[in-house]
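Heads up: the structure comes next, in structure tokens.
The values are calculated or read from the model by the stated rules, or taken from the named source; none is laboratory data. Worth saying up front: this structure is predicted, and the values here are computed from it rather than measured. Counting neighbours? That spans all protein chains shown, and the Cβs are built from the backbone with ideal geometry, glycine included. Accessible surface is based on the protein model in full, side chains and every heavy atom, while ligands, DNA and RNA are left aside. Shrake-Rupley method; radii C 1.70, N 1.55, O 1.52, S 1.80 Å.
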There are 2 protein chains.
Amino acid sequence: MSTAATTPEPREQARPEGATRIVIVGGVAGGMSCAARARRLDESAEIVVLERGAHVSFANCGLPYHVGDEIHDADRLLVQTPQSLRAALDLDVRTGHEVTAVDVERQSVRVQTSEGAFDLGYDALVLAPGARATRPPIEGLDSPRVRTLRTVEDAVALRGLVDDGARRAVVLGAGFIGLEAAEALAHRGVDVTIVELAAHVLPPLEHELAHLVTQELRSLGVTVRAGVSATAIEPGDDQDVVVLADGTRIDADLVVLSVGVRPNTEVFEASGIECERGAIVVDEHGRTSADKVWAVGDAVVSTDAVTGLRRPVPLAGPANRAGRLVADDILRPGTARAIPTPLGTAIVRVGALTAATTGANRAALALAGRAFRTLHLHPLQHAGYFPGASQMHLVVHVDADSGLVLGAQGVGHDGVDKRIDVLATAIRSHLHIGDLIDLDLAYSPPYGQAKDAVNLAGMVGSNVMDGTLRLWYAEDLDQVRQEALLLDTRTAQEYATGHLPGSLHIPHTELRGRLDEVREAAQGRPVRVLCASGVRSAIAHRVLTQAGFDSASLSGGMLTLRAALGDRAGHALVTPELVPA
Amino acid sequence: MSTAATTPEPREQARPEGATRIVIVGGVAGGMSCAARARRLDESAEIVVLERGAHVSFANCGLPYHVGDEIHDADRLLVQTPQSLRAALDLDVRTGHEVTAVDVERQSVRVQTSEGAFDLGYDALVLAPGARATRPPIEGLDSPRVRTLRTVEDAVALRGLVDDGARRAVVLGAGFIGLEAAEALAHRGVDVTIVELAAHVLPPLEHELAHLVTQELRSLGVTVRAGVSATAIEPGDDQDVVVLADGTRIDADLVVLSVGVRPNTEVFEASGIECERGAIVVDEHGRTSADKVWAVGDAVVSTDAVTGLRRPVPLAGPANRAGRLVADDILRPGTARAIPTPLGTAIVRVGALTAATTGANRAALALAGRAFRTLHLHPLQHAGYFPGASQMHLVVHVDADSGLVLGAQGVGHDGVDKRIDVLATAIRSHLHIGDLIDLDLAYSPPYGQAKDAVNLAGMVGSNVMDGTLRLWYAEDLDQVRQEALLLDTRTAQEYATGHLPGSLHIPHTELRGRLDEVREAAQGRPVRVLCASGVRSAIAHRVLTQAGFDSASLSGGMLTLRAALGDRAGHALVTPELVPA
């Protein structure tokens, strides 16, 4: 056992001579999982958790819901206390203890507390310092009305501002936490504007799905400003003014800063532990460049499971699991499982909607140089004849060469979490798109369809892969309008609700008898078919292609097209008009 | 193209010379999926669907919900009609057409209609005749008050009996359809008794989970009689009397017969197509022993994906997918995917509960001679601090040698369908129990936990596989009480609500300081630990085993033990008393 220089808090129990001392820096997700697992593996180890904040093991993912009063009592967010962890797991948990340096040669950390500093030796050191809110270069960001949402104190403070009468809020950043904060504040009756620098809210989500989230935010009364940055916060007596790059000025009683996070790694990088763009570099067992030093969680670089891209993945689930595996590697060296590469699966509730993603999105695939095909589906979450059936909106990316499932996203009122979890399992298991057909998912009318949404994705995708189905995309509309005949195969009623100008209208049920009309209108051009969701146009495509036409079916149909146009319209690009009846 | 002898319904459109004629016997799940896929692959094929009933493509899984009035309008159950299928897919669908013989040499079927009989030649024949209700040897089963629940007419008739004032019902058979029928009738205010020959309701479910379903049925006002057969139905003027083997007599205004199904295969077996215990034998592409004859759905023998056991699997999902793949094999021979072996995934809603299963259960594993270990978990479906958190009850079977996940079951109020679908995907993907730790499932507080229930199953299971955790089971209680010290590690409050006589009580938080008491009480005997759900007892097990005790932790804790005892009590086995406070 290493020798501590001074320990202001005496140990309650003496450890046997030669016991391993494991020092863990950070007592929330990854750190605390590591500590708990270490104790279960080794009763004799001395396990010291150093947390610079006031709380350990708190529910950081629950913070927005305290602001929104769905979790009324802040104490509910404190899942464990140092006392409960001592009692159950004999952990030596010290809050208000900040590590300010690591001496990797002497195997010792420097610890700062309100009562002074001391050195603490370790046999194994686990760095789980997490991340802190990114502070963009916005003038006036130090206004007391600007808060992040990272700690229980943050949540209590934000909630207090609302309790005290805050009526107008600006949320800077429309990522997962920003959306949760906006929803929570709107739920409390606050007038919320959410500002996002990227082209749309929830940047990891594809734009055609993000548009549905934008619509839901608007239905909650939230003002959405995407594609614009905030440039300054002008403090005032009664309120601040948030100034946007386009000159918009928004009054705000409070501002939530949620534009992202960056690893808390300066201390460790300065101590000589290898970092990459500010995140700690670790191997598959969480080992850093320094002997006897491991790291987990938001502060480390991960290698994306699908693309191989290296980036920090600040998510609770992977952090918890990595913490556990680091304990295994410390106490059972040579036998521990590798820490899984993350898929980046994430989910958010926005009003009545769920939005979720797993695996790679278009941007990541483009960055990685992967050729892929995209599927759009709008299946029902359960049998259409059973009460409460509602559409989900799914996007699935498939490797163009191998057919591997690379990524999936979904938005809908019900059942999205289930399908994304199934698809996350499929991606982790290296399933090909056709394998999704074979998944034996639980079906009865309240829960699914005999051909579940995931099975349908497999069917559509395998049709695409083997050439049975050829797709065109909403993004290609301008080009398609120039070069091809648009054939709308919806019913007359649907067509009358709005359609693309210049399109030929033949309901899919009449197509076989009216192929001559198609031939005449096409004049040798390709035919690009569409319907509401892509099902009927796929049937029509099969009719056309077997009749000798150069045909393709609009992926996701008008539902996807409208969402994609909605986004474009928001950015003042060319917007083909839908012709009203 | 083969030549039909006579066709009473003339073809609406002439087919080109040489077009393939595909004749499909049965127009519901597998048959209709085959027909639809065949048309999408081949515009020129002649596709004839012969359905002996009055409807095709009806929602057979929705029938109980019409009885229960959740689906008010019976027309909602008619998903497609011959007319809609002609319009969309140019299918020649003929209801009221029963195939009475197959001439496999001449490639022709004999068809009986109300207007006469005719022969119809085929180039490819697909048998999707489905199954019919098993009729056990019960006297009086031909009473007009006895109904099955297989067709729209059945559902309308049962509903009519309730509308007309039926007050008392007996449901014979507590499988999936029997439970749905019982729930539906109870929902309508009918006094329902459900009778099941097997030891518990939902025989595919493990008894400790089935007990929870029994409790839910009782809370719906349903009387549950398991482990007893019906021997006679005595018709009366105003009502029938159902007589059970134990002499119980139950008045019934209506009786639902739902003791299982058997394949409708007599005609085909008589035509020389190979069958095995009444079900049609097919290869991995659905090909029967006869040239150019395929079969799918409830009428065929399947090979269980986990156990290799051969049995018909009467489920809609696999039937639909097999129908699609048979069309591929007919029209794209040599390139079609193999029909997946079924996992038998199934789900049922019973009141506020969901019960679901995938893969093998104990009985199937025993039959197949597989050595396995069983895990019991009671995780929350989402974060405990978020409103609405509720426990799920999961059972997972793991191969004792390889660690492969073999089967999983769940019962709970929320989130069970998601976990069973994830586990079904894991089993299909041949994941090992430890791989479940690595699944990157979507987490935010309304949807899950940072360590999802499935991740937890992986953690518990891998601890069991590598010896970190040793389990004992509720079924072994009698032996354990004789040979070991029972150590109850719950809190004093929990202990006071009821505990096993003779157990030593030490809360897990005090165990490290009171090991001497355990040593004294054990007197050299093994220590068998328990808590409420198996989490704290696992921690205690680690403490004990590292202190040199022969220790094991009760799988699933008192929650599982109580459910298991409940079942035993129902069968008059020895029931250890829980000592009240």
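Among A:Asp401, A:Asp414, which is the only one that is more than 13 Å from chain B (Cβ to nearest Cβ) and assigned to a loop (DSSP other than H, G, I, E, B)?
On inspection, the qualifying residue turns out to be A:Asp401.
Return the residues of segment A:36-54 that are away from chain B (no Cβ under 11 Å) and among the basic types (Lys, Arg); say none if nothing qualifies.
The answer is A:Arg52, and nothing else.
Would you confirm whether any residue within segment A:344-361 is without any contact (Cβ under 8 Å) to a residue 60 or more places away in the chain, open to solvent by 20 Å² or more (accessible area, probe 1.4 Å) and of a type in the set (S, T, N, Q)?
Narrowing segment A:344-361 to residues without any contact (Cβ under 8 Å) to a residue 60 or more places away in the chain: A:360.
Adding the requirement that they be open to solvent by 20 Å² or more (accessible area, probe 1.4 Å) leaves none.
No; the residues of segment A:344-361 include none that is without any contact (Cβ under 8 Å) to a residue 60 or more places away in the chain, open to solvent by 20 Å² or more (accessible area, probe 1.4 Å) and of a type in the set (S, T, N, Q).
Name the single residue, out of those in segment B:220-250 being of a type outside the set (Gly, Ala, Ser) and touching a helix residue (DSSP H, G or I) at 6+ places or on another chain (Cβ under 8 Å), that is most open to solvent (accessible area, probe 1.4 Å).
B:Leu220
Find all pairs meeting these conditions: Cβ atoms under 9 angstrom apart; at least six residues apart or on different chains; first residue within segment A:68-97 and open to solvent by 40 Å² or more (accessible area, probe 1.4 Å); second residue among the basic types (Lys, Arg).
A:Asp69/A:Arg159; A:Asp69/A:Arg188; A:Thr95/A:Arg52
Report whether or not A:Ala453 is within 7 Å of chain B (Cβ to nearest Cβ) and hydrophobic (A, V, I, L, M, F, W, C).
It is false that A:Ala453 is within 7 Å of chain B (Cβ to nearest Cβ) and hydrophobic (A, V, I, L, M, F, W, C).
Restricting the search to segment A:297-312, which residues are of a type outside the set (Ser, Thr, Tyr), within 20 Å of A:Ala408 (Cα to Cα) and in contact with a Leu (Cβ under 9 Å, 6 or more places away or on another chain)?
Residues satisfying the conditions are A:Asp304, A:Ala305, A:Val306, A:Leu309.
Do we find a residue being touching a residue at least 12 places away in the same chain (Cβ under 8 Å), in contact with a Gly (Cβ under 8 Å, 6 or more places away or on another chain) and under 30 Å from B:Gln449 (Cα atoms) anywhere in segment B:325-343?
Looking for residues that are touching a residue at least 12 places away in the same chain (Cβ under 8 Å), in contact with a Gly (Cβ under 8 Å, 6 or more places away or on another chain) and under 30 Å from B:Gln449 (Cα atoms), one finds at least one in segment B:325-343, hence yes.
Answer with yes or no whether A:His207 is open to solvent by less than 50 Å² (accessible area, probe 1.4 Å) and in contact with a Ser or Thr (Cβ under 9 Å, 6 or more places away or on another chain).
Spelling it out, it is not the case that A:His207 is open to solvent by less than 50 Å² (accessible area, probe 1.4 Å) and in contact with a Ser or Thr (Cβ under 9 Å, 6 or more places away or on another chain).
Cβ-Cβ distance below 6 Å, separation of 6 or more or different chains: which pairs start in segment A:305-323 with a residue that is more than 10 Å from chain B (Cβ to nearest Cβ) and end on one that is open to solvent by 20 Å² or more (accessible area, probe 1.4 Å) and in a loop (DSSP other than H, G, I, E, B)?
Close Cβ pairs satisfying both conditions: A:Ala322/A:Ile339.
Quick one: is A:Ala252 within 25 Å of the chain's Cα centre (by Cα), more than 30 Å from A:Thr288 (Cβ to Cβ) and assigned by TED's automatic domain parsing to the domain that holds A:Leu172?
No: the conditions fail for A:Ala252.
So if I check each of B:Leu477, B:Leu456, which one is open to solvent by 40 Å² or more (accessible area, probe 1.4 Å), assigned to a helix (DSSP H, G or I) and of a type in the set (A, V, I, L, M)?
Sole residue among the options that is open to solvent by 40 Å² or more (accessible area, probe 1.4 Å), assigned to a helix (DSSP H, G or I) and of a type in the set (A, V, I, L, M): B:Leu456.
Scan segment B:46-58 and tell me whether some residue there is at pLDDT below 95, touching a helix residue (DSSP H, G or I) at 6+ places or on another chain (Cβ under 6 Å) and part of a strand (DSSP E or B).
yes
Is it the case that B:His393 is open to solvent by less than 10 Å² (accessible area, probe 1.4 Å) and away from every other protein chain (no Cβ under 12 Å)?
The answer is no for B:His393.
Considering only residues that are part of a loop (DSSP other than H, G, I, E, B), open to solvent by 10 Å² or more (accessible area, probe 1.4 Å) and either free of Cβ contacts under 8 Å to residues at least 12 places away in the same chain or farther than 15 Å from A:Asp240 by Cβ (or both), which ones fall in segment A:166-194?
A:Gly175, A:Arg188, A:Gly189
One residue is enough: does segment A:325-335 have a residue meeting the conditions hydrophobic (A, V, I, L, M, F, W, C) and open to solvent by 20 Å² or more (accessible area, probe 1.4 Å)?
The answer is yes, given that some residue of segment A:325-335 is hydrophobic (A, V, I, L, M, F, W, C) and open to solvent by 20 Å² or more (accessible area, probe 1.4 Å).
Looking at (1) within 14 Å of chain A (Cβ to nearest Cβ); (2) on the phi < 0 side of the Ramachandran plot; (3) open to solvent by 30 Å² or more (accessible area, probe 1.4 Å), which one does B:Gly467 not meet, given that it meets all the others?
Failed condition: (2).
Return only the number of the condition from (1) more than 11 Å from chain A (Cβ to nearest Cβ); (2) within 30 Å of B:Arg188 (Cβ to Cβ); (3) not aliphatic (A, V, I, L, M) that B:Asp119 does not satisfy.
Of (1) more than 11 Å from chain A (Cβ to nearest Cβ); (2) within 30 Å of B:Arg188 (Cβ to Cβ); (3) not aliphatic (A, V, I, L, M), only one is false for B:Asp119: (2).
From the list A:Arg470, A:Arg481, A:Arg525, A:Arg514, which residue is out of contact with any helix residue (DSSP H, G or I) (no Cβ under 9 Å at 6 or more places or on another chain), charged (D, E, K, R) and either under 28 Å from A:Ala426 (Cβ atoms) or free of Cβ contacts under 8 Å to residues at least 60 places away in the same chain (or both)?
A:Arg514
Give me the residue from segment A:428-448 that is surrounded by fewer than 24 Cβ atoms within 10 Å (Cβ to Cβ) and more than 7 Å from chain B (Cβ to nearest Cβ) and, out of that set, farthest from B:Gly297 (Cα to Cα).
Only one residue tops the list, namely A:His430.
Which ones in segment A:256-312 are in a strand (DSSP E or B) and open to solvent by 40 Å² or more (accessible area, probe 1.4 Å)?
A:Val261, A:Arg262, A:Glu276, A:Arg287, A:Thr303, A:Arg310, A:Arg311
Looking at segment B:55-69, is at least one residue closer than 24 Å to B:Asp328 by Cβ and more than 14 Å from chain A (Cβ to nearest Cβ)?
Yes, because at least one residue in segment B:55-69 is closer than 24 Å to B:Asp328 by Cβ and more than 14 Å from chain A (Cβ to nearest Cβ).
Do we find a residue being surrounded by fewer than 18 Cβ atoms within 10 Å (Cβ to Cβ) and in the same structural domain as B:Asp69 (by TED's automatic domain parsing) anywhere in segment B:156-163?
Taking segment B:156-163 first, the residues surrounded by fewer than 18 Cβ atoms within 10 Å (Cβ to Cβ) are B:156-157, B:160, B:163.
Now drop any that are not in the same structural domain as B:Asp69 (by TED's automatic domain parsing), which leaves none.
No - not one qualifying residue is present in segment B:156-163.
Name the one entry in A:Thr497, A:Thr491 that is open to solvent by 40 Å² or more (accessible area, probe 1.4 Å), in the same structural domain as A:Val543 (by TED's automatic domain parsing) and at pLDDT 95 or above. Break it down into steps so the answer makes sense when it comes.
Values: A:Thr497 fails: at pLDDT 95 or above.
Of the residues listed, the single one that is open to solvent by 40 Å² or more (accessible area, probe 1.4 Å), in the same structural domain as A:Val543 (by TED's automatic domain parsing) and at pLDDT 95 or above is A:Thr491.
So A:Ser33 clears everything in (1) within 14 Å of chain B (Cβ to nearest Cβ); (2) modelled with pLDDT of 90 or more; (3) closer than 22 Å to A:Asp298 by Cα; (4) open to solvent by 10 Å² or more (accessible area, probe 1.4 Å) except one condition, right? Which one?
Of the numbered conditions (1) within 14 Å of chain B (Cβ to nearest Cβ); (2) modelled with pLDDT of 90 or more; (3) closer than 22 Å to A:Asp298 by Cα; (4) open to solvent by 10 Å² or more (accessible area, probe 1.4 Å), the odd one out for A:Ser33 is (4).
Among all residue pairs at least 6 apart or on different chains, which show Cβ distances below 6 Å where the first residue, located in segment B:400-416, is more than 26 Å from B:Ala389 (Cβ to Cβ) and open to solvent by 10 Å² or more (accessible area, probe 1.4 Å) and the second is part of a loop (DSSP other than H, G, I, E, B) and at pLDDT 95 or above?
Hits for this filter: B:Ala400/B:Ala371.
Does segment B:546-567 include one or more residues that are under 27 Å from A:Arg39 (Cα atoms), within 14 Å of chain A (Cβ to nearest Cβ), touching a Gly at 6+ places or on another chain (Cβ under 7 Å) and modelled with pLDDT of 95 or more?
yes
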